[in-house]
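Just so you know, all these numbers are worked out from the coordinates, no wet-lab data involved. Everything quoted here is computed from the prediction, not taken from an experiment. Cβ: placed from backbone, ideal geometry, glycine included. Neighbour counts: every protein chain shown.
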Amino acid sequence: MKILVPVKRVIDPYVRVRVAENGEGVVTKNAKMAMNPFDEIALEEAIRLKEKNPAEEIILLSIGDHSAQETLRKGLAMGADRAIHIETPGSDEEHPMELQPLQISKLLKRIVEEESPDLVLLGKQSIDGDHHQTGQMLAALLDWPQATCLSQLTIKEGVATVCREIDGGLETLTLDLPAVLTVDLRLNEPRYASLPSLMKAKSKPLQVRALSEFPQEVSSHFRILQVLPPRERSSGVRVESVEVLVDKLKNEARVI
């Protein structure tokens, strides 16, 4: 079984994000970057499937400027076998080109058609855009079965059994492969790449493709008008009694 794991390079989740002065995005220049946490969990699950023998090869894919190769090398150090990088323009710009979920899905579809994986395993969303759309769009374009927000995954004899959290509790589904699956935070705990693994990752195959090879897949359908920082929260106040608290919630906050 061959598994394709798309990963994205994002601003480290523990770093304070700053909005650009022109209001067209966030500042990424000199910011600490990391692999999207949901994608890291998807990669960890793919590695565990390989360790259990259902998977023979794990292919990483990332779409972004030249710096995305650093994220791919980390994934190779964790245990992936090879990587594909679709390089976008903007390597030397403060605000590199940002593709939209539909564009990403169309690019992923092209790679899936070339590589013929049995499973596409990716994070349910990226922590920067929070669109939560790419996996579903890819499944629709491929006409493959899909399951989202997985908290458990088992694969046996070409059938994936998944458990996902829904509003009413837990839902268990079975899907015939090939399929598209997106993972949630509770699926596993990603491993750390050891120093020897980081060194070995430098010799693993990393194929670089130019975005210009896919002209039909990157036409834009919307544009961002403005990005604003969240409103600053006002400081809290102490109240002397429950009665005063209820009065403030009712007459000042108007939440009850």
- [ ] Enumerate the residues in the stretch 12-31 having an amide nitrogen under 17 Å from the point lying 7 Å beyond the Cα of E70 toward its Cβ.
- [x] 12-18, 27-31
TODO: Please give the per residue volume of the convex hull enclosing the alpha carbon atoms of the chain, rounded to a whole number of Å³.
DONE: 186
TODO: Pull up the DSSP beta bridges for the stretch 1-144 and report the antiparallel fraction as a percent, rounded to 5.
DONE: 25
Task: Approximate spin-label separation I224-D247, in nm, with each point projected 7 Å along Cα-to-Cβ - done: 4.6
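If you take the Cα atoms of the stretch 116-256, find Rg, then find the Kirkwood Rh from the mean of 1/r over all pairs, what is Rg/Rh? Let's see the in-between values first.
Numbers: Rg = 23.2 Å, Rh = 20.4 Å.
Rg/Rh for the stretch 116-256 comes to 1.14.
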TODO: Between beta-carbons, use under 9 Å as the cut-off and find the net charge around G158, counting Lys and Arg +1, Asp and Glu -1.
DONE: -2
Task: Label-to-label distance, nm, for residues given as K2 and R254 (7 Å Cα→Cβ offset) - done: 6.0
Open item on the list: Can you tally the net charge around T71? Count Lys and Arg as +1, Asp and Glu as -1, for every other residue whose Cβ sits under 12 Å from the Cβ of T71.
Closed with: -1
Task: Gain upon complete extension [T154, E114; 0.36 nm per residue less C-alpha separation] - done: 11.8 nm
- [ ] Give K52/K124; K29/K50; K124/K250; K124/K200; K74/K156; K50/K106 a once-over and call out the pairs whose C-alpha atoms are over 32 Å from each other.
- [x] K29/K50; K124/K250
TODO: Determine the calculated [θ] at 222 nm for the chain from helices alone, applying -39500 (n - 2.57) to every DSSP H run no shorter than 4 residues and normalising by the residue count; nearest 500 deg cm²/dmol.
DONE: -8000 deg cm²/dmol
Task: Choice from E70, E21, E57 showing the highest fluctuation, given a GNM over the chain with Cα pairs closer than 10 Å - done: E21
TODO: Could you size up the charge dipole of the chain around its Cα centre, putting +1 on the beta carbon of Lys and Arg and -1 on that of Asp and Glu, and report it in debye to the nearest 20?
DONE: 520
TODO: With a/c under 1.5 counting as rounded, go ahead and sort the stretch 136-182 into rounded, prolate or oblate using the C-alpha gyration tensor (a ≥ b ≥ c being the square roots of the eigenvalues; past the cut-off, prolate if a/b is larger than b/c, else oblate).
DONE: oblate
Open item on the list: Compute a Gaussian network model of the chain, connecting alpha carbons closer than 10 Å, and tell me which residue from V183, V227, V208 fluctuates the most.
Closed with: V227
Open item on the list: Show me the ranking of peptides 32-38, 142-148, 59-65, 167-173 by mean Cβ neighbours inside 10 Å, starting with the highest.
Closed with: 59-65, 32-38, 142-148, 167-173
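In the chain, what % of DSSP beta bridges are antiparallel (nearest 5)?
Here the antiparallel bridges make up roughly 40 percent for the chain.
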